[in-house]
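The values are calculated or read from the model by the stated rules, or taken from the named source; none is laboratory data. All values reported here derive from a predicted model rather than from experimental measurement. Here Cβ is always computed from backbone atoms with ideal geometry, including for glycine, and neighbour counts include all displayed protein chains.
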Amino acid sequence: MPLPTIPCTGSISVTVQTETGPQCRDLILECLKVKKVFDEFALRDCVEGIKFELDSVPRGGSIQPTLILKHCKISDVEIKDVSSNCLKMLKFSGKCCCDVFGKDERGHIIKMRVVDIPECNTNLSIGEDGELCFRFSVKREYPDATPENFKNLLHFIDEGRFELQCFSEAVIDELNNETDCELLVTNLGIFVAIKFDAEVQVCVPVLGYCEVEEVLPIEDTFCERFEFENLPSFNPAQLDRAITPYNTL
């Protein structure tokens, strides 16, 4: 649900330097809707013996250590107020799942699907389509937030006007990245960054609106464009410039 636009009130005057000297200008107050990051944190995990199925056999038989994680989506999101009498705290929980790709020795990108994660003491899991998933549950303290600011933060959460975003990077063991046909068993380390943002309204003073100049497209013909084409390298070499032919009667 988008925020309703609230008009800014009040006025501001400033002195600006012009070609004819200083002048007093009234600033226009505009309300802008922007995304504000209220908090962010990074997590890590590592697992040995993770198994991937590859869409194709990599050239050279190995996958480069740095994996490509794309289309990361966050689900099962829950944010709770777990404050105590002396601490202002929030608890964030959810799951971030990403599609996994790898590069072979020639730089070809290959889709990879997770098929097995042997360790049970890990935050990693397998998505419905073989995505690499990371489950998190983190408590965050806000000792510097005033009671009013923390109350506003809780208001955003209660209204559902927030968004959690996840960004991930992962590497595999470069000493254990050889594939067996279309199967890779290796060790993996992953970093996951979580951002908590919400749409807010900022009252900004501006001098005015920028003029939008209409740029008309320049129409030229094929022959006009051809005039700027470089002369090809003939063999044997010919003239260093092209001469426009003319008709003789």
Counting only residues in the stretch 93-144 that are among the β-branched types (Val, Ile, Thr) and over 20 Å from PHE191 (Cβ atoms), the one farthest from the chain's Cα centre (by Cα) is identified as VAL115
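Scan the stretch 174-215 for residues that are of a type in the set (D, E, K, R) and out of contact with any Lys or Arg (no Cβ under 9 Å at 6 or more places or on another chain) and jot them down. Break it down into steps so the answer makes sense when it comes.
Looking only at the stretch 174-215, we keep the residues that are of a type in the set (D, E, K, R), and these are 174, 178, 180, 182, 195, 197, 199, 211, 213-214.
Result: GLU174, GLU178, ASP180, GLU182, LYS195, GLU211, GLU213, GLU214.
When you go through LEU43, LEU54, LEU87, LEU67 one by one, which is the residue that is hydrophobic (A, V, I, L, M, F, W, C) and surrounded by fewer than 15 Cβ atoms within 10 Å (Cβ to Cβ)?
Details: LEU43 fails: surrounded by fewer than 15 Cβ atoms within 10 Å (Cβ to Cβ); LEU54 fails: surrounded by fewer than 15 Cβ atoms within 10 Å (Cβ to Cβ); LEU67 fails: surrounded by fewer than 15 Cβ atoms within 10 Å (Cβ to Cβ).
Sole residue among the options that is hydrophobic (A, V, I, L, M, F, W, C) and surrounded by fewer than 15 Cβ atoms within 10 Å (Cβ to Cβ): LEU87.
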Just one listed residue, out of VAL185, VAL200, is in contact with a Gly (Cβ under 7 Å, 6 or more places away or on another chain), of a type in the set (Val, Ile, Thr) and either in contact (Cβ under 8 Å) with a residue 12 or more places away in the chain or part of a strand (DSSP E or B) (or both), and it is VAL185
Expected single match for farther than 30 Å from GLU182 by Cα, in a loop (DSSP other than H, G, I, E, B) and modelled with pLDDT under 95 among THR5, THR15 is THR5
Item to check | Flag for PHE191 being modelled with pLDDT of 90 or more and either more than 22 Å from the chain's Cα centre (by Cα) or assigned to a strand (DSSP E or B) (or both) | outcome: yes
